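Working notes, structure below.
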Amino acid sequence: MTTNSNPNPGPKEESPAGATPVLSVKVSASAPAGATAVGEFAYSDRLGAIEGVTKAAVQRGGFEGKPGSVLVIADGDRVRVLCGLGAEADAGAPELRKAVAAFTRAVSRHRKAAISLPEGVLGLGQVPMAGVMAEAAMLANYSFVQLRSDGDAAPRLNGLTIVTDGDLRASRVEVTRATAVAEAVCFARDMVNAPGGSLTPERFAEHAVERASGAGLSVEVLDADAIAEARLGGILAVNKGSSHPPRLVKLTYEPSPEALAGLEGPPATVALVGKGITFDSGGLSIKPADSMVGMKMDMGGAAAVIAAICALPALGVPVRVVSFTPMTDNMTGPDAQRPGDVYTARNGTTVEVINTDAEGRLILGEALVLASEVEPDAIVDVATLTGACMVALGERIAGLMSNDDALCERVRHAAQEAGERVWPLPLPEDYASQLDSDVADVKNIGTRYGGTLTAGLFLKRFVASGIPWAHLDIAGPGMGNEVDGVNPKGGTGFGVRTLCRLLADWHDAGAGGDVSADAD
Ligand code: BES
Ligand code: MN
Ligand code: ZN
């Protein structure tokens, strides 16, 4: 055994986070003999059309065909599972995801299950439908069991066959793509679910490096000295109260010649930035006990960015992507930054820290300056930034802010297609004076109201002028208090699906990656 300065490393500290495997999904023209559960879809306004059961019987079973509801019927050695899609005219991809998620949970006691494509249109062809279904099943089958002493006690499905009479080869390509995205989401969830005391900045960076190297990305890690050398004052300021050194992980994805085939002109460059606060105690402006619970999730933005960029090779995305994820915890150690302290950011801005709990913007500011120096065509950041965003939009919807309408629309559209909920919020210029400091260029909080917008306006100061930038505040949807569709309780991996979709479709959405062109 090697020496460990920590006498109590906690349970399974060395277990490889990110190890939760995703459900294996196959595509076939018929259900395999080994499947003991077989799913079929039902529309609420066509309950009379279900083979072998009457409308009256399914209704007595409590089944109305609502999206997310299921009825399990014993049928010889197998079970039939009716999965509601709602009214036929209203059913689309969101209803299909909900239905498949409910199906996956309903059949968790089976080893092998099968489900046929829905009849009807759903606004999707059969091939994309197979992809949507595979992704939903993989996401809903996730559970975080790494820290349970009884191992994988909760039963989970082992294999799913999607039964289609559509093009099998093309459907399999979609399922492969869905697998890459779902694996990325599950990796991000594992990172978010890891306790703050185990997933230190050093460990988080190691996980990022391991995954990125495995995916063939270029990797650069800045340690404390390199962060000081690069004058990333905001990261050093937040890290002052910590006994763990900070990290900044930079990952670069270069598309392969195959990924670029068919693209006219050079690929666009997009920079991603993610908030990596491995635990947020609030610092000296300490959080009340109840608000501190769950603050291990404050690195959900960084986890989403790292997971997404690592999925790009498998997705064959034709865009250059560079990611910057600053990592530190926000603690109260003896030399923690004090309210009233001033630091200097890499771009020369001096910042008065009024509230040490508004720390995410300090580390993101530095990462946005680094991202700007790459001179990308766009920057997108993802951050569990403000409780105020949860007041505004609740726990399931992310706030979207941008300095560029076309980029904002691209991100909004990508999120909608990917099945993640975001809503645009403004960045009102006249609110920026709330951040005027008596002693420095800027202070880190505004007044009581509109805290999401002033946080966004703070970030905007660190984006070089002329670069389109979008900011996703995922404080609400980054973590769930209950099962919700494809999302489990706990870390959701929110942002991964939006980023993957945004980058995969980048050159389709606007000519040559010019985000000032109409996005649609
Ligand atoms: N990490 C929090 C934001 C957060 C809150 C995320 C709840 C997820 C759930 C952030 O660092 C924070 O503490 N923000 C403060 C800002 C305030 C001091 C201006 C907040 O929202 O209260
Ligand atoms: Mn905070
Ligand atoms: Zn925070």
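The values are calculated or read from the model by the stated rules, or taken from the named source; none is laboratory data. In this text, all values refer to a predicted model and were calculated from it rather than measured experimentally. As a convention, Cβ positions derive from the backbone with ideal geometry for all residues, glycine included, and neighbour counts pool all protein chains shown.
Structure above, values below:
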read-out	value
Restricting region 440-463 to residues that are under 12 Å from Leu425 (Cα atoms) and out of contact with any strand residue (DSSP E or B) (no Cβ under 8 Å at 6 or more places or on another chain), the residue that is nearest to ligand 1 (Cβ to nearest atom)	Gly451
Hey, Val369 among the β-branched types (Val, Ile, Thr), assigned to a strand (DSSP E or B), more than 15 Å from ligand 2 (Cβ to nearest atom) and out of contact with any helix residue (DSSP H, G or I) (no Cβ under 6 Å at 6 or more places or on another chain) or not	no
In region 21-37, the residues that are within 21 Å of Val486 (Cβ to Cβ) and either modelled with pLDDT of 95 or more or surrounded by 19 or more Cβ atoms within 10 Å (Cβ to Cβ) (or both)	Val22, Leu23, Ser24, Val25, Lys26, Val27, Ala37
Which numbered condition Ala102 fails, given (1) buried (at least 18 other Cβ atoms within 10 Å of the Cβ); (2) not basic (Lys, Arg); (3) not in a helix (DSSP H, G or I)	(3)
Pair list, Cβ under 6 Å, 6 or more apart: region 422-445 residue surrounded by fewer than 12 Cβ atoms within 10 Å (Cβ to Cβ), other residue at pLDDT 95 or above and part of a strand (DSSP E or B)	Val439/Glu352
Matching entry among Asp165, Asp190 (being surrounded by 16 or more Cβ atoms within 10 Å (Cβ to Cβ) and either within 14 Å of Met327 (Cα to Cα) or charged (D, E, K, R) (or both))	Asp190
Residue among Ala367, Ala398 that alone is touching a strand residue (DSSP E or B) at 6+ places or on another chain (Cβ under 6 Å), in the same structural domain as Val270 (by TED's automatic domain parsing) and closer than 17 Å to Leu232 by Cα	Ala367
Filter pass, Gly76 being within 15 Å of Ala35 (Cβ to Cβ) and out of contact with any strand residue (DSSP E or B) (no Cβ under 9 Å at 6 or more places or on another chain)	yes
Test for Val411: is it farther than 20 Å from Asp357 by Cα, in the same structural domain as Pro326 (by TED's automatic domain parsing), crowded, with 23+ Cβ neighbours inside 10 Å and at pLDDT 95 or above	yes
Single residue of region 241-272 satisfying the filter (within 16 Å of ligand 1 (Cβ to nearest atom) and not hydroxyl-bearing (Ser, Thr, Tyr)) that is surrounded by the most Cβ atoms within 10 Å (Cβ to Cβ)	Pro246
Count of residues meeting criterion [touching a helix residue (DSSP H, G or I) at 6+ places or on another chain (Cβ under 6 Å) and either outside the structural domain of Thr104 (by TED's automatic domain parsing) or in a strand (DSSP E or B) (or both)] in region 42-70	1
Residue selected from region 372-393 under the condition within 12 Å of ligand 1 (Cβ to nearest atom) and not in a helix (DSSP H, G or I), by the criterion nearest to Asp298 (Cα to Cα)	Thr384
Output for region 464-499, where each listed residue is within 16 Å of ligand 1 (Cβ to nearest atom) and without any contact (Cβ under 8 Å) to a residue 60 or more places away in the chain	Glu482, Lys489
Leading residue by the ranking (surrounded by the fewest Cβ atoms within 10 Å (Cβ to Cβ)) among those in region 273-304 that are among the acidic types (Asp, Glu) and either free of Cβ contacts under 8 Å to residues at least 40 places away in the same chain or touching a Ser or Thr at 6+ places or on another chain (Cβ under 7 Å) (or both)	Asp290
Count of residues meeting criterion [surrounded by fewer than 20 Cβ atoms within 10 Å (Cβ to Cβ) and either outside any strand (DSSP E or B) or at positive phi (or both)] in region 71-92	7
Number of the condition not met by Arg203 [criteria: (1) charged (D, E, K, R); (2) in the same structural domain as Arg346 (by TED's automatic domain parsing); (3) more than 30 Å from Leu147 (Cβ to Cβ)]	(3)
Elements of type strands (runs of 3 or more DSSP E) in region 276-350, at least 1 residues being within 12 Å of ligand 2 (Cβ to nearest atom)	276-280, 320-330
First in region 28-52 and touching a residue at least 60 places away in the same chain (Cβ under 8 Å), second anywhere and assigned to a loop (DSSP other than H, G, I, E, B) and of a type in the set (A, V, I, L, M), Cβ under 6 Å, 6 or more apart	Ala37/Val107; Val38/Ala31; Phe41/Leu85; Tyr43/Leu85
Answer residue from region 458-486, given it is part of a loop (DSSP other than H, G, I, E, B) and within 16 Å of ligand 2 (Cβ to nearest atom) and is nearest to Met191 (Cα to Cα) among those	Gly478
Residue, nearest to ligand 3 (Cβ to nearest atom), within region 351-361, restricted to residues that are aliphatic (A, V, I, L, M) and in a loop (DSSP other than H, G, I, E, B)	Ala358
